[in-house]
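The values are calculated or read from the model by the stated rules, or taken from the named source; none is laboratory data. What you are looking at is a predicted structure, and each value in this text was computed from that prediction instead of being measured. Virtual Cβ from ideal backbone geometry, glycine too; neighbours counted across all protein chains shown.
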Amino acid sequence: MAASVAGAEAFRLLDVPLALILGSLVGAALFANLVGPFAGAAILRRVGQLVVGTAVGALLTGDVLGILGANILLMVALALAANLLGLLIAFPMGRLAGIDRLTAVLSCLPAGMAEMSSLAREVGADETAVAVAHSLRVILVVVSLPLLLGSLDAPEARAPELWEADPGFLVVLVAGGLLAAAARRLGALNPWVIAPMALGLLHAGLNGPVPAVPGPLLWFAEIAIGASLGARFQVDRLARLPRVAAASLLAAVVLIAAMAGGAASLAAAVSGLDWRTLVLAAAPGGLGEMIASAKALGLGASLVAGFQFVRSALTNLVAPALIKRWMT
């Protein structure tokens with residue numbers, strides 16, 4: 001954590017967009033490669049996701065839900081486009097990487113690393129290659145898109161200071177953590193973000209919106225998410241699989257450019273939604289990472305959460321069933 005905080009502070013002093021996430025990512029990656037892997041990265045990510053999910057839950061007003069409902073077909077369309085493009089990219093990627101077709105498909109689908117790695121283990125694919133491909137893609141998304149969007153003068157969202165905050169958000173945060181832990185045991189999809197969002201929605205229906213999460217807690221969440229990403233970046237693993245790493249980077253660039261560039265622009269033209277928000281909404285990154293990026297950049301975090309959740313659910317729930325049926 002000291003290395004992550006130091007990296008975050010260095011990036012903040014250099015005025016780098018999304019400094020807390022990117023700086024902590026670099027700090028954690030340096031530690032992981034120069035000192036050694038550290039325990040607790042997964043716990044850090046879960047805590048960061050809980051905080052981010054609670055913060056998004058505080059944004060779920062009736063107007064926001066109306067916007068999400070009005071764009072559900074667009075969400076599904078972008079999710080399908082990302083999966084079809086990932087499937088098409090998998091075949092040349094597999095040839096370049098020297099891996100089998102099943103491993104290539106699992107490596108290129110825009111899904112969660114944990115879910116696809118577990119599926120690879122279950123169906124006899126190369127789990128390490130899949131983990132490398134997904135880690136590189138998410139890191140590339142988090143590093144490249146915020147730098148682009150941060151240079152476009154996106155509006156800044158001000159979170160309340162700690163002493164200004166209404167402690168009511170703690171109820172949703174703690175209850176969300178307990179619900180997520182129970183849901184995880186039942187095999188639920190990424191519950192650490194979704195559970196506090198769902199409770200925030202319930203709270204809004206019964207008692208009004210959840211109080212805003214204070215700034216210092218959001219800063220910690222950004223550092224925690226960045227640190228957990230940096231822990232994945234292990235040079236020795238990449239060195240053992242140079243062809244896989246190179247092919248994965250190329251496939252990631254194509255998928256990111258097509259979705260965050262072409263698809264986001266088209267979706268903005270069709271819907272009239274903010275293009276910058278749709279860049280993160282369409283990007284093939286992690287659910288928690290993209291929502292945290294949107295919060296840090298002052299963009300529509302609730303809208304990003306909706307798009308990212310639909311794509312994640314479609315990929316992680318439907319794709320495994322199809323793969324088991326047709327490719328194993």
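Enumerate the helices (runs of 4 or more DSSP H) found wholly within the stretch 238-328, keeping only those where 2 or more residues are of a type outside the set (Asp, Glu) and under 13 Å from the mean Cα position of the chain (by Cα). Here the list reads 275-282, 287-297, 301-313. Which condition from (1) free of Cβ contacts under 8 Å to residues at least 24 places away in the same chain; (2) in a helix (DSSP H, G or I); (3) within 18 Å of residue 295 (Cα to Cα); (4) not aromatic (Phe, Trp, Tyr) is the one that residue 15 breaks? Among (1) free of Cβ contacts under 8 Å to residues at least 24 places away in the same chain; (2) in a helix (DSSP H, G or I); (3) within 18 Å of residue 295 (Cα to Cα); (4) not aromatic (Phe, Trp, Tyr), the lone unmet condition for residue 15 is (2).
Hey, among the residues in the stretch 56-78 that are under 27 Å from residue 179 (Cα atoms) and in contact with a Phe, Trp or Tyr (Cβ under 8 Å, 6 or more places away or on another chain), which one's surrounded by the fewest Cβ atoms within 10 Å (Cβ to Cβ)? Among those that are under 27 Å from residue 179 (Cα atoms) and in contact with a Phe, Trp or Tyr (Cβ under 8 Å, 6 or more places away or on another chain), it is 75.
Candidates are the residues of the stretch 44-55 that are among the hydrophobic types (A, V, I, L, M, F, W, C) and farther than 18 Å from residue 283 by Cβ; the one that is surrounded by the fewest Cβ atoms within 10 Å (Cβ to Cβ) is 47. The residue pairs whose first member lies in the stretch 245-267 and is without any contact (Cβ under 8 Å) to a residue 40 or more places away in the chain, whose second member is outside any helix (DSSP H, G or I), and whose beta carbons are closer than 8 Å, counting only pairs six or more residues apart or on different chains, are 264/283. Report whether or not residue 179 is modelled with pLDDT under 85, over 24 Å from residue 298 (Cα atoms) and surrounded by 15 or more Cβ atoms within 10 Å (Cβ to Cβ). So residue 179 fails the test. Per this entry, residue 172 is counted among residues that are in contact with a His (Cβ under 7 Å, 6 or more places away or on another chain), modelled with pLDDT of 65 or more and either under 17 Å from residue 60 (Cα atoms) or not in a helix (DSSP H, G or I) (or both). Among the helices (runs of 4 or more DSSP H) confined to the stretch 21-112, the ones with at least 2 residues that are free of Cβ contacts under 8 Å to residues at least 12 places away in the same chain are located at 62-70, 72-97.
The criterion of being more than 19 Å from residue 308 (Cβ to Cβ), among the aliphatic types (A, V, I, L, M) and either modelled with pLDDT of 90 or more or crowded, with 23+ Cβ neighbours inside 10 Å (or both) does not hold for residue 111. Is the stretch 222-231 home to any residue that is touching a Phe, Trp or Tyr at 6+ places or on another chain (Cβ under 9 Å) and over 20 Å from residue 36 (Cβ atoms)? No, the stretch 222-231 contains no residue that is touching a Phe, Trp or Tyr at 6+ places or on another chain (Cβ under 9 Å) and over 20 Å from residue 36 (Cβ atoms).
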